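Reviewing the structure listed below.
The values are calculated or read from the model by the stated rules, or taken from the named source; none is laboratory data. Note that the structure is predicted; figures quoted are calculated from it, not measured. Virtual Cβ from ideal backbone geometry, glycine too; neighbours counted across all protein chains shown.
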Amino acid sequence: MTSIAETDRGARMALRQATAAAHQRLHHLPGLAALQAGTIGRDEYAAVLRRLLAFHRAVEARMEAAPSLLPYGIDFARRRRSALLLDDLAWLGAPAAPLPPPPVLPPLLTAAQALGCLYVTEGSTLGGLELARKLDHLLPPGTTSGRSFLFGHGAAHGAMWREFCAALESCGTTPDRRDEMIAVALAAFAAFGDWFGADAAAS
């Protein structure tokens with residue numbers, strides 16, 4: 001049974017708390033850990049971008065088939081970032097080599113489920129600027145060259161994050177909807193971890 005405290009904490013806080021451990025495990029994945037430490041090499045960075053590209057393409061395919069989020073003020077077309085990953089790979093001169101299919105994401109049958117999935121990719125924009133700075137040893141400092149993905153939505157980042165948070169609260173007004181968001185977000189985090197190497201994440 002859901003407590004009053006749980007129902008009052010809001011959708012974004014419920015998502016944050018429920019997915020905190022899953023999100024933290026991703027920090028220990030080899031490529032992402034090297035990126036965070038500022039020790040990643042050029043080839044390893046390109047490999048991380050290819051992995052991210054495959055995952056984002058999978059998310060985008062699911063979102064295309066999901067119910068529209070326009071009633072909640074979210075235009076998903078503005079939030080696609082696979083093209084940025086392709087730009088970064090092209091700048092590096094690294095091919096966007098075909099990869100085996102990433103883990104299958106759950107179907108997104110409701111707006112709440114779609115927002116739960118989008119929480120994973122939108123949340124990744126929050127630390128992007130810090131990670132971008134960790135690439136100064138590889139890429140021209142003070143530019144977006146080779147790291148446009150990490151700069152996320154650029155100058156629109158703050159406004160788009162606030163819009164997304166408002167959509168979470170507008171849609172997640174009941175415990176059932178918040179549970180849908182959380183279940184899909186956890187599944188997406190697990191798929192992401194599997195794609196980068198679940199064994200490393202669990203160690």
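Could you go through region 140-149 and let me know if any residue there is within 30 Å of A11 (Cα to Cα) and either modelled with pLDDT of 90 or more or assigned to a helix (DSSP H, G or I) (or both).
Just the residues of region 140-149 that are within 30 Å of A11 (Cα to Cα), to begin with: 148-149.
Now drop any that are not either modelled with pLDDT of 90 or more or assigned to a helix (DSSP H, G or I) (or both), which leaves 148-149.
Yes: region 140-149 contains one or more residues that are within 30 Å of A11 (Cα to Cα) and either modelled with pLDDT of 90 or more or assigned to a helix (DSSP H, G or I) (or both).
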Please identify the pairs in which a residue from region 147-161 that is farther than 14 Å from G123 by Cα has its Cβ atom under 9 Å from the Cβ atom of a residue that is basic (K, R) and surrounded by 11 or more Cβ atoms within 10 Å (Cβ to Cβ), counting only partners at least 6 apart or on another chain. S148/R81
When only residues in region 1-17 that are surrounded by fewer than 17 Cβ atoms within 10 Å (Cβ to Cβ) and part of a helix (DSSP H, G or I) count, which is modelled with the lowest pLDDT? I4
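When you go through G154, G193 one by one, which is the residue that is modelled with pLDDT under 95 and over 22 Å from W91 (Cα atoms)?
G193
Taking region 81-94, which residues are assigned to a loop (DSSP other than H, G, I, E, B) and in contact (Cβ under 8 Å) with a residue 24 or more places away in the chain? Even if it seems obvious, please write down each step before you answer.
Just the residues of region 81-94 that are assigned to a loop (DSSP other than H, G, I, E, B), to begin with: 81, 93-94.
Listed by number, the residues that qualify are R81, A94.
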If A77 satisfies all but one of (1) in a helix (DSSP H, G or I); (2) surrounded by fewer than 20 Cβ atoms within 10 Å (Cβ to Cβ); (3) touching a residue at least 60 places away in the same chain (Cβ under 8 Å), what's the number of the condition it fails? (3)
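Which of the residues spanning region 150-166 are of a type in the set (A, V, I, L, M, F, W, C), surrounded by 15 or more Cβ atoms within 10 Å (Cβ to Cβ) and not in a loop (DSSP other than H, G, I, E, B)?
Within region 150-166, the first condition is being of a type in the set (A, V, I, L, M, F, W, C), and the residues that meet it are 150-151, 155-156, 159-161, 164-166.
Filter once more, so that each one left must be surrounded by 15 or more Cβ atoms within 10 Å (Cβ to Cβ): 150-151, 160-161, 164-165.
Result: M160, W161, F164, C165.
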For residues that are over 21 Å from R80 (Cα atoms), of a type outside the set (G, A, S) and in contact with a Lys or Arg (Cβ under 8 Å, 6 or more places away or on another chain), tally how many sit in region 22-62. 3
Determine which single condition S170 fails, assuming it passes every other condition in (1) within 26 Å of F196 (Cα to Cα); (2) out of contact with any His (no Cβ under 7 Å at 6 or more places or on another chain); (3) assigned to a helix (DSSP H, G or I); (4) among the polar types (S, T, N, Q). (1)
So which residues in region 99-130 are aliphatic (A, V, I, L, M), modelled with pLDDT under 90 and either in a helix (DSSP H, G or I) or touching a Pro at 6+ places or on another chain (Cβ under 6 Å) (or both), if there are any at all? L129
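Pick out the one residue from L69, L52, L131 that is closer than 18 Å to A22 by Cβ, surrounded by 18 or more Cβ atoms within 10 Å (Cβ to Cβ) and not aromatic (F, W, Y). Working first, answer last.
Numbers: L69 fails: closer than 18 Å to A22 by Cβ; L131 fails: closer than 18 Å to A22 by Cβ.
So the residue among L69, L52, L131 that is closer than 18 Å to A22 by Cβ, surrounded by 18 or more Cβ atoms within 10 Å (Cβ to Cβ) and not aromatic (F, W, Y) is L52.
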From the list R12, R25, R16, pick out the single residue that is free of Cβ contacts under 8 Å to residues at least 24 places away in the same chain and farther than 30 Å from S145 by Cβ. R16
Any residue in region 101-122 that is β-branched (V, I, T) and without any contact (Cβ under 8 Å) to a residue 12 or more places away in the chain? no
